[in-house]
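Peer 1: One structure, as structure tokens, below. Some questions next.
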Amino acid sequence: EAGVTQFPSHSVIEKGQTVTLRCDPISGHDNLYWYRRVMGKEIKFLLHFVKESKQDESGMPNNRFLAERTGGTYSTLKVQPAELEDSGVYFCASSPRIRGGASYNEQFFGPGTRLTVL
Amino acid sequence: GQNIDQPTEMTATEGAIVQINCTYQTSGFNGLFWYQQHAGEAPTFLSYNVLDGLEEKGRFSSFLSRSKGYSYLLLKELQMKDSASYLCAVTGTYKYIFGTGTRLKVLA
């Protein structure tokens, strides 16, 4: 079974440009998450999709970030315009639907996209 | 507020035992995960604790005390391939709240 894949693995752009990151979750996983790790800091939650709906986007830093998951399959995260502080590693994770009453929610992570804004 | 603390770095010798601690203060708790991450790779699942006590899985064990907000990951019979970052993550509903991770170096 294929794991979570992310594209590109690296991206170097200039301040003010636009970048779009893509995540392909494990097939059949309803839940999709975006996280970000800025240098020297912990991995931080950005947002959570359940199928195509945004369940929680409380971690999105500002309106320069736009995430979509059309059709409930792959997701994109667009940064427009990019700023220096957006540099970091962006991780995507997915998990299957949690059945009623269950607490276990193992998330499967992709290898991340390393974004460098110059 | 929400806070998860782990040591930044640890060093141990091949064949030894190492314990990586994690303390947490979160507004909700629905389980604690440990993940392993090699440089440039995806974090991979190691263990999950939601009840107090010890969970053992081969060379790795994880312990949880909910009343103390404390967990540890115990790695036995260390191997060179165990050199990696170890991430503690607490979940309330769906999202994970991570610690900064502990970088473990295993020396020959």
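Peer 1: If R₀ is 22 angstrom, what is the calculated FRET efficiency for the pair B:N3 and B:H38, using the beta carbon separation as r and rounding to 0.05?
Peer 2: Between B:N3 and B:H38 the formula returns 0.25.
Peer 1: Going 7 Å from the Cα of A:L66 along its beta-carbon direction, which residues of segment A:20-36 have the amide nitrogen within less than 16 Å of the resulting point?
Peer 2: Flagged as within label range: A:20-22.
Peer 1: Please identify the trypsin sites (Lys or Arg not before Pro) of segment B:1-74 that satisfy two criteria: DSSP loop assignment and at most 11 other Cβ atoms within 10 Å. Which are they?
Peer 2: Here the trypsin sites (Lys or Arg not before Pro) that fit, given the DSSP loop and packing criteria, are B:K68.
Peer 1: With a cap of 16 neighbouring Cβ atoms within 10 Å, and only residues DSSP puts in a loop, list the trypsin sites (Lys or Arg not before Pro) found in segment A:38-118.
Peer 2: Those that pass, being in a loop and sparsely packed, are A:K41, A:K51, A:R64, A:R97, A:R99.
Peer 1: Can I ask one more? Of all the stretches in chain A, which is the longest one without any exposed loop site, taking GluC sites (Glu not before Pro) in a DSSP loop (any state but H, G, I, E, B) with at most 15 other Cβ atoms within 10 Å?
Peer 2: Maximal segment without exposed cleavage sites: A:15-51.
Peer 1: Over segment A:11-118, what is the percentage of antiparallel beta bridges among all DSSP beta bridges, to the nearest 5?
Peer 2: Close to 90 percent.
Peer 1: Enter the Cα centre distance for the pair segment A:42-83 and segment B:7-84, rounded to the nearest angstrom.
Peer 2: Answer, in whole Å: 29.
Peer 1: Largest first, how would B:M10, B:M80, A:M39 line up by accessible area (1.4 Å probe)?
Peer 2: A:M39, B:M80, B:M10
Peer 1: Rolling a 1.4 angstrom probe over the protein chains, ignoring ligands and nucleic acids, what is the accessible area of A:Y74 in square angstrom, nearest 10?
Peer 2: Accessible surface of A:Y74 is approximately 90 Å².
Peer 1: Given a 1.4 Å probe and heavy atoms of the protein chains only, how would you sort B:F29, B:F98, largest accessible area at the top?
Peer 2: B:F29, B:F98
Peer 1: Additional query: Within 10 Å of each Cβ in A:104-114, how many Cβ atoms from other chains are there, averaged over the peptide?
Peer 2: Partner Cβ neighbours, averaged per residue: 5.
Peer 1: A further question on this structure: At 0.36 nm per residue, minus the direct Cα-Cα distance, what do A:T73 and A:E14 gain on full extension? Give it in nm, one decimal, please.
Peer 2: Full-extension gain reported as 18.3 nm.
Peer 1: Given a cut-off of under 8 Å on Cα pairs at least six residues apart, what relative contact order in percent is computed for segment A:28-118?
Peer 2: 29 percent
Peer 1: Label B:A16 and B:K105 with points 7 Å out from Cα along Cα→Cβ: what is the distance between them in nm?
Peer 2: For B:A16 paired with B:K105, the spin-label model returns 1.2 nm.
Peer 1: Write out the GluC sites (Glu not before Pro) in segment B:1-103 meeting two conditions: DSSP loop, and at most 15 other Cβ atoms within 10 Å of their Cβ.
Peer 2: Passing sites in segment B:1-103 are B:E14, B:E41, B:E77.
The values are calculated or read from the model by the stated rules, or taken from the named source; none is laboratory data. Note that this is a predicted model, so its numbers are computed, not measured. In this analysis, Cβ positions are derived from the backbone assuming ideal geometry, glycine residues included, and neighbour counts consider all displayed protein chains. Note: areas computed on protein heavy atoms with side chains; ligands, DNA, RNA excluded. Shrake-Rupley method; radii C 1.70, N 1.55, O 1.52, S 1.80 Å.
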